[in-house]
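Comments concern the structure below.
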Amino acid sequence: MEIKSSPDSCKRPVIRIRLGLTLLAGFLAGSLQAQQQCAVFKSEIGDVRKFEQTVNQLTDSLKVYAEVAAFAARYTEGRSNAQKVEFLAGEALAAAQEAVNYAAEAQYHAEVCGLDEVITHAIEAEALSIDARDFAETMYTNAKKASAAGKLGDIHYYMRRSLQAAREATRISEKATWAALDAHGSCTHEDDIATGKN
């Protein structure tokens with residue numbers, strides 16, 4: 001007796017194969033998209049770290065001049081050092097603003113990434129970047145007032161305020177750097193794809 005296969009029974013394995021290939025393609029596309037989002041996020045959070053390190057270095061450098069200006073015995077010495085502080089503080093403020101810009105972008109991509117740890121560290125990095133920028137702005141504003149001051153007493157006053165803001169900017173930018181590093185290390189989509197994990 002001859003067994004005849006129905007046309008439907010021949011189509012079933014083909015349909016299953018196509019369905020399997022479609023699901024595999026969807027999984028790979030999703031994994032690739034997650035990997036791309038992770039790459040964008042890591043690039044942006046890396047820029048946050050880089051700019052925060054620049055803020056840290058500049059604020060650390062200007063403290064020497066700020067100390068001299070804040071306690072200068074002569075007006076010319078105070079003003080000369082205040083002008084150096086103003087320049088470096090302006091550079092630090094520009095770097096701090098860049099860090100805030102990149103932190104906002106990184107925060108968006110952290111949400112797209114979806115990993116809780118990434119989101120938490122990205123939020124922290126952004127908040128700390130904003131605080132560092134605010135201290136850098138206070139530092140710059142006071143340095144600018146000190147370098148334009150007509151009296152030694154005013155130079156001392158504004159430089160001490162600028163110096164205090166510089167100390168805070170240094171401290172906060174260091175914390176922002178660590179938060180950015182933690183966020184970068186928490187984004188594990190690339191690792192998951194390499195090891196075959198979801």
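The values are calculated or read from the model by the stated rules, or taken from the named source; none is laboratory data. The structure displayed is predicted, hence computed values, not measured ones. We place every Cβ from the backbone using ideal geometry, glycine too, and count neighbours over all the protein chains shown. Only protein heavy atoms, including side chains, enter the accessible area calculation; ligands, DNA and RNA are left aside. Shrake-Rupley method; radii C 1.70, N 1.55, O 1.52, S 1.80 Å.
In the list Y140, Y158, which residue meets the criterion of being in contact with a Gly (Cβ under 7 Å, 6 or more places away or on another chain), assigned to a helix (DSSP H, G or I) and among the hydroxyl-bearing types (S, T, Y)?
Unique residue meeting the criteria: Y140.
Taking Q97 and the conditions (1) of a type outside the set (S, T, Y); (2) within 18 Å of V48 (Cα to Cα); (3) touching a Phe, Trp or Tyr at 6+ places or on another chain (Cβ under 8 Å), which numbered condition does it fall short on, given that it satisfies the others?
(3)
Any idea which of A89, A95, A103 is closer than 14 Å to R160 by Cα and not in a loop (DSSP other than H, G, I, E, B)?
Values: A95 fails: closer than 14 Å to R160 by Cα; A103 fails: closer than 14 Å to R160 by Cα.
Only one candidate qualifies: A89.
A96 is checked against (1) open to solvent by 50 Å² or more (accessible area, probe 1.4 Å); (2) closer than 24 Å to A179 by Cα and fails just one. What number does that condition carry?
Single failed check for A96: (1).
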